[in-house]
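First comes the structure, then the notes that go with it.
The values are calculated or read from the model by the stated rules, or taken from the named source; none is laboratory data. These numbers were taken from a predicted model, which means no experiment stands behind them. No Cβ is skipped: glycine too gets one built from the backbone with ideal geometry, and neighbour counts run over all protein chains shown. The protein model used for the area step is the full one, side chains on, heavy atoms only, and it has no ligands, DNA or RNA in it. Shrake-Rupley method; radii C 1.70, N 1.55, O 1.52, S 1.80 Å.
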Amino acid sequence: MDEDANDCPEKLGGVDFKLWFRDKNDEDCCEIADAVGFYSDCSSFSSFSVGQWNMLGSFLSHCTNLKEICLNYVVFTKEIISALFQSDGSYNFPLERFNIECSEGIGAIGMAAFLPFLKTRKELKYLDLGVCNLGNEGAKILAEVLDHVRIEELDIRHNKISDAGVSSILASKHSKNLVKLAIEGNRISHQGIEEIASFSRRYDIALQTIHIGDDAENSDYDSDDDIDDSEFFHFDAESIYVLIRSLSTNTTMKKIDICSDVIFSNDDDRDRLADTVMELVCNTSSLEALRQSNHVLGEVVASCCSFFPDRMEKSLRINAREDISNDMKIRSKLRSFFFRGDFDMYPFLSMKPAWIPKVLELMARSEECIGANHWDSGCRRFVITLDGNLNGMYNFLRRWNVHTLFNFRSSQFEIKELKEKLTMMAKTQLESDQKILQLESEVRNLKVANRLLTEEKMLLQKEDKNCGYSRKRLRSESD
């Protein structure tokens, strides 16, 4: 090998070839590098023989601390995969990250060859299979990996996967453990987006970030492919609206990245996207709708949009804050979006009549609305709004504690109340069980008493019969 190849990645056809192994102390990496004659951070291995791959696989089987493997732009064959991850090898290293991005020769056959190795990596959390030509068959094999391994970050961009492949992946046993999913550049249609939307409605998922979109212009697909490209390359803005609306009950999704050169490229679509997001994260149609809005989604990115309307950006920034509770987010949205101005009467017109006296009472007693201090003849202090107008009243209303003002029930309070109800139900159940045991005991006692009475009655009847025989015998003897 050329000595200069150890100094930087060799470029063949304008592509960087990279072989990268990493563990906590780099001990395994250095051992591997010394054994096959390359550094651990980069190497040219395009001319590796099967024997060299076998040697590398042998050393991998002896690693104990290997955490990360990155093999990019490798022209994998079944023989190379079998040599590198030997089927008879025993791997004891706790692999957490596996990256073979841009290895287009893998396909479904290569994925099947990787399967025995991948599905035994119980510590694996990150899997990058971007641009690996998987197709739907490869996606089905990947789903089998997800049936065995709890992967948290999955990158399958630009893999010619259509709706059927997406369905296989989302239906896998541990798909619920995915935290980040990058799936753009595939052949997903509106139906596939609906499949993802349905997955997002599940209560047991952990998904926080999704990268989704088409890539008709930049993807290099086979000319002999029997699939109509136009059918799968694009989904429209309506598909994204469906996905966003599906998050109304979702409590995990924090970011949606829409990678498309065509969707939301005009102002009308961008405004509609903003309205859809606002309806999700800050519905101001009523106080109850505001409380039940999504308070988790904090970022929506679209590659065609350099900016979004301020109202959408502000509502997402409120959601993105990690240092405040949902109650505080509700208050921020109430201040920012529910009241449209200092003299906006709409909130009062839609307010429940029972709240109005409480609001007015709180107004009069609020330190935030003090314009002047007054003392009556009884030396009691009271306050008024600044200059006697409504400006201070509205400012106070925007800042007041939402739960105190509008009787919003926090999730913590509801949980506490449910726990108290469960405790009372358990106590009632215990009392009922004790009562049942007491009644059963009384029934048993009654049965015993009844049996004793029956036996006593039978004894008395027998004695009475014997007495009758005795009287007859006495009469006969006297005669």
Which distance in nm do the two modelled labels at Thr77 and Asn466 give, with both placed 7 Å along the Cα-to-Cβ direction?
11.0
Accessible-area ranking of Glu477, Glu238, largest first, probe 1.4 Å:
Glu477, Glu238
Can you spot the lysines whose alpha carbon is less than 20 Å from Lys462's alpha carbon? Ignore those fewer than 8 places along the same chain.
Lys472
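Rank by packing, highest mean first: peptides 149-156, 178-185, 127-134, with packing defined as the count of other Cβ atoms within 10 Å averaged across residues. Intermediate values should be presented prior to the final figure.
Numbers: 149-156: 20.2, 178-185: 21.8, 127-134: 23.2.
Going from most to least packed, we get 127-134, 178-185, 149-156.
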Check Gly213: other-chain or 5+ apart residues with amide H under 5 Å from its amide H, H built from backbone geometry?
Glu184, Gly185, Asn186, Cys259
Which lysines have a Cα less than 21 Å from the Cα of Lys173, not counting those fewer than 8 places away in the same chain?
Lys119, Lys122, Lys125, Lys140
Residue-normalised value, i.e. accessible area per residue, for region 236-323 at 1.4 Å probe, in Å², stands at 44
Taking the Cα centre of each part, how many Å lie between region 433-469 and region 119-148?
75
What shape does region 104-222 take by its C-alpha gyration tensor, where a ≥ b ≥ c are the square roots of the eigenvalues and a/c under 1.5 counts as rounded, a/b above b/c as prolate, and the rest as oblate?
oblate
Past the 19 Å Cα-Cα mark, which pairs from Lys255/Lys329; Lys78/Lys180; Lys255/Lys314; Lys176/Lys421; Lys254/Lys314?
Lys78/Lys180; Lys176/Lys421
Accessible surface of region 272-322 [probe 1.4 Å, protein heavy atoms]: carbon and sulfur percent
45
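Which of the peptides 60-70, 457-467 is most tightly packed, and how do the rest follow, judged by the mean count of other Cβ atoms within 10 Å per residue?
Values: 60-70: 17.5, 457-467: 9.9.
Going by the mean number of other Cβ atoms within 10 Å, highest first, we get 60-70, 457-467.
Per residue, how much accessible area does region 54-186 have with a 1.4 Å probe, in Å²? Could the numbers behind the result be given before it?
Numbers: 4880 Å² over 133 residues.
Heavy-atom SASA per residue in region 54-186 reads 37 Å².
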So, taking all protein chains as they sit and a 1.4 Å probe, how much accessible area belongs to Asp236, in Å² rounded to tens?
80
Accessible heavy-atom area order of Met424, Met253, Met278, highest first, probe of 1.4 Å:
Met424, Met278, Met253
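Can you send over the carbon and sulfur percentage of the accessible area for region 72-165, probe radius 1.4 Å, protein chains only?
Values: 1690 of 3610 Å².
Carbon and sulfur: 47 percent of the exposed surface of region 72-165.
Give me the 1.4 Å probe accessible area per residue for region 410-479, excluding ligands and nucleic acids, in Å².
Values: 6710 Å² over 70 residues.
With all protein chains present, region 410-479 gives 96 Å² per residue.
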Excluding same-chain residues fewer than 8 positions from Lys457, which lysines have a Cα within less than 21 Å of its Cα?
Lys447, Lys465
